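Data first, discussion second: the structure below is written as structure tokens.
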Amino acid sequence: MQEKIPLVIGFGVTGKSIINYLADSNSEIFLIEEWEENPSLEEIKNIELKVHINPDINEELFQNISRIYSSPGVSGQHEIFSYAKKYNIKVSSDIEEYLTAQEGIKVLVTGTNGKTSTCLIIETLFKSVFPSLTISVLGNIGNPVLPHIKDDIDISIIEVSSFQLELLNEIEFDIGLLLNIEQDHMDRYLSYQDYENIKFLVLKYSLFNISYDDTDRGLSNPLNYKDIEIPQAVLELPTFKNWPMHDIENLRASLAVLKCYYENFYNSSFDELTLSKELERAFMDFRKPPHRFEIIENSLGINFINDSKATNLDAMLKAIKAVNELKKDQESIHLICGGDLKEQDTNSIDLKSISSVSRVLIYGKDKEILFQSMRQYTECLLVNDLEEAVMEAMKLSKEGDYVMLSPACSSLDMFINYQERGDKFKRLIEDLLDE
């Protein structure tokens, strides 16, 4: 009888890590990669493994498959999964393999917004309070888990998206943190409820459950992070001077993770005041990753904010609120937004806070939808691209005003990713400074 072999679907960063992982215990695999021009396919030649690329998807193929490993970017509607169900073949993922094999404490962090910043805050906290422990930040943050599956790690802080959560079979891990749930990825899910249910898996499968919600969902050990007190001495640090409230909430959630670890794994009481000096030292030199309410220093007297990571409407609205907390009465906000809305329903979201914006400059694939949704609250201008948006914002701005890129949309209609979009915004400002 022929030995069955695994199938990997998707050959991005995660797919590559899965194949390298499987190469240790398999001599051959099947690979489904629908982007046939993917330049990364050339790398397969360097792998000591026989790879069958894009075999015909039929019943004969599935008689030879042992297990399917899916990349998070692959739609759950792909025909592969129908065949898997029919032939009772388990679908796994890199995250599940890691959770099963890694012996250290695993902390999974998800939410519509704030995942990456929160993971880095948690890392800073733990490295400062527990310097003898090995702490690693992995997952959707850009560091695949499988290359670290055999590492001696005491605490793994793993950022997980909804795409990664939906690939998990029922599995237990130590701490799950759910930061928030807002409308996003509606082009991927059948409904908001479907998206919400998948996000809640981070709590359902965790031994200790931390979230923003006190609703009784039958969880084992729930903790509401909003109950955590942040020492005033910490909030007064220069690091947090210009942090928006949503990032302070991420800090609060991170402290909840520390509290949970302290009390349940370190077996010691958690006292925010006792820790305040330690926290001051920990965050003295902390820097958030770029493109997240990033204030750009310049000599024009205008406050430029790069919030390119705001890829949904809720993130944009939070950024507007944050600017309103910073600005003086006579200063205006010029908002730049647009791109691919990912089928977010603008009619079901309260956009009234846009009335605090002087004008909105809108570009990209769904600019007409955004224009019609926002025009009742403030002046809106349609522009061709980000460059024109920045130029128009500059013409309309005076000293002290705020010009903010907070797109509320995916960047993929015009850019490779949100990083490229944010970098473009910063370059456009630099060019203006050079003129």
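The values are calculated or read from the model by the stated rules, or taken from the named source; none is laboratory data. Just so it is clear, the structure is predicted and the values come from calculations on it, not from any experiment. Counting neighbours? That spans all protein chains shown, and the Cβs are built from the backbone with ideal geometry, glycine included. Surface accessibility is based on the protein's heavy atoms, side chains included, excluding ligands, DNA and RNA. Shrake-Rupley method; radii C 1.70, N 1.55, O 1.52, S 1.80 Å.
At-a-glance table
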| read-out | value |
| --- | --- |
| C-alpha long axis of helix 386-396 to longest principal axis of the chain, angle in ° | 20 |
| Gyration tensor (alpha-carbon) shape descriptor, the chain, a/c threshold 1.5 | oblate |
| Fully extended contour minus Cα-Cα distance, from residue 330 to residue 101, at 0.36 nm per residue | 76.7 nm |
| Backbone N under 18 Å from the residue 300 label point (7 Å along Cα→Cβ), restricted to segment 369-391 | 381, 383-391 |
| Cα long-axis angle, helix 313-326 against the chain (0 to 90 degrees, to the nearest 10) | 40 |
| CD proxy at 222 nm, helix term only [per DSSP H run n ≥ 4: -39500 (n - 2.57); per residue of the chain; nearest 500] | -10000 deg cm²/dmol |
| Rounded percent of accessible protein surface that carbon and sulfur make up, the chain, 1.4 Å probe | 44 |
| Accessible area (Å², per residue) of the chain, counting only protein heavy atoms and a probe of 1.4 Å | 46 |
| Principal-axis tilt of helix 272-282 within the chain, Cα atoms, nearest 10 degrees | 90 |
| Gained length - residue 171 relative to residue 321, 0.36 nm times residue gap less alpha-carbon distance | 50.2 nm |
| Efficiency of FRET from Cβ geometry, residue 151 and residue 37, R₀ 41 Å, rounded to 0.05 | 0.75 |
| Within-12-Å neighbourhood charge of residue 421 [Cβ basis; K, R +1; D, E -1] | -3 |
| Solvent accessible area, Å² - residue 348, 1.4 Å probe, full protein context | 70 |
| Cα centroid separation - segment 3-62 against segment 308-370, whole Å | 42 |
| Solvent-accessible area of residue 134 with every protein chain in place, 1.4 Å probe, in Å² to the nearest 10 | 60 |
| Exposure of residue 60 as accessible area (Å², to 10), given a probe of 1.4 Å and all protein chains | 130 |
| Within-12-Å neighbourhood charge of residue 120 [Cβ basis; K, R +1; D, E -1] | +2 |
| Residues residue 63 and residue 245, FRET efficiency given R0 of 51 Å [Cβ-Cβ distance, rounded to 0.05] | 0.35 |
| Overall form of segment 203-353 per C-alpha gyration tensor (a/c, 1.5; a/b vs b/c) | oblate |
| Net charge of neighbours whose Cβ lies under 9 Å from the Cβ of residue 137, counting Lys and Arg as +1 and Asp and Glu as -1 | -2 |
| Beta bridges by DSSP in segment 238-392, antiparallel share as percent, to the nearest 5 | 25 |
| Gaussian network model of the chain, springs between alpha carbon atoms under 10 Å - residue of 113, 347, 180 with greatest fluctuation | 347 |
| Rule-of-thumb Rg ratio for segment 217-295 [Cα; 2.2 N^0.38 Å; N residues] | 1.20 |
| Quarter of the Cα convex hull surface for segment 351-396, i.e. its orientation-mean projected area (nm²) | 3.0 |
| Inter-probe distance in nm under a simple model that places probes 7 Å from Cα toward Cβ, at residue 82 and residue 378 | 4.6 |
